[in-house]
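Read through the structure below, which is laid out as structure tokens, and then see the notes.
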Amino acid sequence: MLYQHLSRAMHMPVRISKHGCRLIKSQKRALSTLFHTKRRGLGDRQHSQTLYVAGGFENRLAWSSLFEQRRTLTSGPMLTAASIAAERPGWYESIADSAPVHMMENVLVVVQQTTGLPWWASVLCTTVALRTAITLPLAAYQMSIIAKVETLQPEIEGLAKRLRYEVSVRAKQLEWSEKIARFHFKKNLRRIVSELYVRDNCHPFKASLVIWVQIPMWVFISIAMRNLSLGTTLSAKAIQQELATGGALWFPDLTVPDTLWIMPVSLGLVNLLIVEIFALRKIELTKFQKYVTNFIRGISLVMIPIAATVPSSMALYWLSSSCVGLGQNLLLRSPRFRRVCRIPRIKADSDTPYKDIASAFIAKYFK
């Protein structure tokens, strides 16, 4: 009879609730019968054996219930949070595994396989092609917008004088204070300037279009070069081996940094030269433009140690991109090229821009 109750208690299903593991009523009755067999006349020895067996079974069920509750209430959430934190990628990993980066990887691989050039030459050709096909037209459009805005300045100044006179007359009629008169003047001037920008289709925000395209493209290609150089994916492992022997001169291995610092230092010098050419313009820079110019100078210097720690393929891309950017800036100063791109002529334009840049550079730094 004892073993029947024990067997029935052990083989009965256990109901699992949201609070853990609990026995159903029939199991409780079976265990109660086992613990009270002494009242039915069983011997002490048989009673102790019964208590031992039933107690062991009850302990196993109790410990099982306690373990399930603790695993559900504590360990489960902790393990889940740890697994989620381990599986959740960081911001850099998300960018490195994004579709634009993989697209740039495919572009680099396709260009190299199509042309059959070594990797260092393929990086140069890809950089020149992308900067010429994408950045140069946007830069010419930017120069056109800037020229149109500068051409409007005399007209804006004339309208501002007329508006100031009308506001002053109106202020005397309505007895406006100086603060109210200034508010109406600025409000109407903004409206007039906006109408002029719409009329000539030259809103200054359009001049920043090249930045919103060039910077993301630079970032995506840089990360793509890093992925290929480090072999972060299975498909990039074979490309990594090719890059390891695809260099030239003092950088035969494109997967390691340039230990001689030739490319990093050259990168900093080229970027500083671009900034100085911009600062040598005849137009007087505003206070904000001076702050931006000094900030870019600092970034150019900071890029030198950064370029010395990345793979040579990235440093080569950065150097080639800066060289192409320098060439495009000089090309956009050419009067003939500006006429081809239909960029309006302004007062600051010169018929001999390169001679003027050289003279201003020598006068500023060598005299």
- [ ] Calculate, for the range 144-225, the solvent-accessible area per residue in square angstrom, rolling a 1.4 angstrom probe over the heavy atoms of the protein chains.
- [x] 68 Å²
Task: Over the range 192-247 - Rg/Rh using Cα atoms and the Kirkwood inverse-distance radius - done: 1.44
TODO: Holding the Cα-Cα limit at 25 Å, pick out from LYS161/LYS187; LYS206/LYS355; LYS187/LYS347; LYS206/LYS364; LYS187/LYS290; LYS148/LYS187 the pairs that are longer than that.
DONE: LYS206/LYS355; LYS187/LYS347; LYS206/LYS364; LYS187/LYS290
TODO: Starting from the exponent 0.38 and prefactor 2.2 Å, build the expected Rg for the range 297-367 from its residue count and divide its actual Cα Rg by it.
DONE: 1.48
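Could you check how many percent of all C-alpha pairs in the range 81-236 are farther apart than 28 Å?
Working: 6391 of 12090 pairs.
The calculated P(r) of the range 81-236 puts 53 percent of pairs beyond 28 Å.
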- [ ] Name the residue farthest towards the positive end of the dipole of the range 220-367 from the options SER312, ILE277, PHE295, assuming +1 on Cβ of Lys and Arg, -1 on Cβ of Asp and Glu, about the Cα centre.
- [x] ILE277
- [ ] Over the range 90-134, average the accessible area per residue using a 1.4 Å probe and give it in Å², no decimals.
- [x] 54 Å²
TODO: Would you please report the Å³ per residue occupied by the convex hull of the alpha carbon atoms in the range 150-207?
DONE: 78 Å³
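The values are calculated or read from the model by the stated rules, or taken from the named source; none is laboratory data. All of these numbers come straight from a predicted model, not from anything done at the bench. In this analysis, Cβ positions are derived from the backbone assuming ideal geometry, glycine residues included, and neighbour counts consider all displayed protein chains. Note: areas computed on protein heavy atoms with side chains; ligands, DNA, RNA excluded. Shrake-Rupley method; radii C 1.70, N 1.55, O 1.52, S 1.80 Å.
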